[in-house]
Every structure is written in structure tokens, then in C-alpha cells.
């Protein structure tokens, strides 16, 4: 899923839709400022991950905790 923030837009909606189409993923505009579609986007991603894990039980599982740890280690942003 490609998610675009409508507030302070840098990328045109059409460009976001085109990129999502190229990747074969849904496109959804969100707004962190107003909360528009934020919960819906996370829910849709979670449901898709669950659906894929049930459909392909032999595939490696996505482990959010491991992903977050890796991202935190790799990012210099937001560290004190």
C-alpha cells in the first residue's frame, strides 16, 4: 500500500496513484494532521499481512519487533 499525506503535499496525487499502480499496490491518501484514513491504512496493512500469512504458511513470517529494532538501530533521527 502506498500512503500519501494530503497535507503539505510534495507529490501530486496522480504521481502517487501512478507509482502505486506500478508497484501493484492500493493507493490511499492520509493526513497525520487530521487523522484522515490513518487508522484505516494501518488496519488494511495488518489485515493484508494476516491474510498473506494464512495463505502462504510456509513463507517466513513478518516480525514487527525485529523490523522496528533494525530501523531504530539504523536511524540517527529522533535519538537523544
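The values are calculated or read from the model by the stated rules, or taken from the named source; none is laboratory data. Please read these numbers as outputs of a predicted model, since none were measured by experiment. Don't worry about glycine lacking a Cβ; one is built from the backbone with ideal geometry, like all the others, and counts go over all protein chains shown.
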For this session: Keeping to region 45-63, report how many residues are outside any loop (DSSP other than H, G, I, E, B) and at pLDDT below 80.
Result: 0
Problem set entry | Filtered residues of region 64-78 (kept if modelled with pLDDT of 75 or more and more than 23 Å from residue 25 (Cβ to Cβ)) | 65, 69
Exercise. Across region 29-44, which residue is surrounded by the fewest Cβ atoms within 10 Å (Cβ to Cβ) among those that are modelled with pLDDT under 90 and either under 22 Å from residue 64 (Cα atoms) or touching a strand residue (DSSP E or B) at 6+ places or on another chain (Cβ under 7 Å) (or both)?
Worked result: 32
